[in-house]
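Working notes, structure below.
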């Protein structure tokens with residue numbers, strides 16, 4: 001009996017062309033978000049007031065310039081794909097409260113990052129690997145923006161990653177069996193700082209080791 005040889009399925013040019021057109025539409029949505037970010041960062045960086053926000057206000061000016069660079073890259077790639085870059089930004093929210101403006105920016109960055117992660121995969125699925133690399137570079141900067149905003153607000157970025165401490169010795173989280181798996185004589189968990197005779201940190205309740213803030217891991221070098 002003759003053995004059947006499986007035919008190699010070649011890419012369908014028509015299908016790839018359709019996917020390319022769809023990618024152009026998606027990139028134009030990304031471009032509209034970049035326009036939104038440029039406007040928001042330009043305005044917010046100038047109207048945010050208060051000593052507590054001066055550092056982040058200066059950082060927002062840097063973000064504005066980086067978002068402009070992203071928009072130029074996207075427009076260039078849309079043109080390369082045979083499309084026309086759109087010119088309309090997404091709506092920009094405003095507020096007279098500094099914290100609200102930072103939260104608007106953080107929400108926008110969270111959405112932008114989610115979309116760029118999808119876009120990188122979509123580009124690679126249709127063989128646009130160079131475009132995927134351009135988007136990875138943009139994604140890295142967007143994640144830096146996300147971290148800066150989250151830090152200013154005292155929250156953890158919504159990046160689908162788990163918050164981790166900088167070093168194990170910098171924290172103690174009580175558990176059923178104690179910090180090192182060994183309970184105290186009365187069943188109370190012991191901290192490593194207490195066992196090792198480390199000096200209690202100022203401001204710690206009961207004179208014990210202070211419970212430090214968890215640090216959100218930086219994911220700027222993560223590749224997608």
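The values are calculated or read from the model by the stated rules, or taken from the named source; none is laboratory data. Keep in mind it's a predicted model, so treat the numbers as computed, not measured. Here the Cβ positions follow ideal geometry from the backbone for every residue, glycine too, while neighbour counts run over all protein chains shown.
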Being modelled with pLDDT of 95 or more and in a helix (DSSP H, G or I) is true for just one of 26, 18. Which residue is that?
26
Residues of the range 82-104 being under 13 Å from residue 32 (Cα atoms) and loosely packed, with under 15 Cβ neighbours inside 10 Å, which ones?
84, 87, 88, 91
Could you grab me the full set of residues in the range 123-133 that are surrounded by fewer than 18 Cβ atoms within 10 Å (Cβ to Cβ), touching a residue at least 60 places away in the same chain (Cβ under 8 Å) and in a helix (DSSP H, G or I)?
125
With criteria (1) touching a helix residue (DSSP H, G or I) at 6+ places or on another chain (Cβ under 7 Å); (2) part of a helix (DSSP H, G or I), residue 157 comes up short on (2)
Out of curiosity, is residue 34 in a helix (DSSP H, G or I), under 25 Å from residue 82 (Cβ atoms) and under 22 Å from the mean Cα position of the chain (by Cα)?
yes
